[in-house]
Amino acid sequence: MNELISPTGRRTIINALLTLPHDWDGQRTAHVRTTDDVEAMMTVAPEIQADLRAAATRHAQHADRVTLHTDETGLHIVAINVTPADELEPHAYLLEASRAAPAWCDAVAHREGVTSWADLVHGLKFDILKDGPRHLGLHSLLPSGHALFISDSGQGVPRNLAGFQLTHRALHLTVRDGRAA
């Protein structure tokens, strides 16, 4: 499942697909499906019902990525974030990294003073890093001022999830075929 669990027990479901009835009143459960086809009916905290409705609409219109944050049960949505569709590709690498090397990802998050990888990377915007005409990879500035780089093992913008490298300061992670190399 595309899910990260923080030390507090809060769950983060990445790339959730939402289906709300057109007349959803906020009281009924919301149908949620992950990209790996895990389905659930979830309740929604009253304070985020309007945000959930807006996210479901944007998701349907623009294919934006919806990230749900639930309580420890995983069935009650307490927060929601939307990442625009044009940011999907970099976030797919971040998700794959969390699957392949959760300890590495947690170490980076803790180095940045953040509880979890999901909290660190949510909403990051990536730009292409260039050296003249050469593309060196993708980078995003973290709140600390440090950068997170995604590359094709230092050779440019990665082309697929089968092989890529993440770099944070002096820490490097290479992922090949779903495994930390």
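Of the residues making up the stretch 38-56, not a single one is surrounded by 13 or more Cβ atoms within 10 Å (Cβ to Cβ), among the polar types (S, T, N, Q) and more than 18 Å from residue 71 (Cβ to Cβ).
A count restricted to the stretch 99-123 and to residues that are modelled with pLDDT under 90 and more than 17 Å from residue 79 (Cα to Cα) stands at 1. Given the structure, is residue 31 open to solvent by less than 60 Å² (accessible area, probe 1.4 Å) and either charged (D, E, K, R) or modelled with pLDDT of 90 or more (or both)? It is false that residue 31 is open to solvent by less than 60 Å² (accessible area, probe 1.4 Å) and either charged (D, E, K, R) or modelled with pLDDT of 90 or more (or both). The set of residues from the stretch 45-63 being modelled with pLDDT of 60 or more, part of a loop (DSSP other than H, G, I, E, B) and under 17 Å from the mean Cα position of the chain (by Cα) is empty.
The values are calculated or read from the model by the stated rules, or taken from the named source; none is laboratory data. On a predicted model such as this, the values are computed, not experimentally measured, just so you know. We place every Cβ from the backbone using ideal geometry, glycine too, and count neighbours over all the protein chains shown. Areas reflect the complete protein model, heavy atoms only, side chains present, ligands, DNA and RNA absent. Shrake-Rupley method; radii C 1.70, N 1.55, O 1.52, S 1.80 Å.
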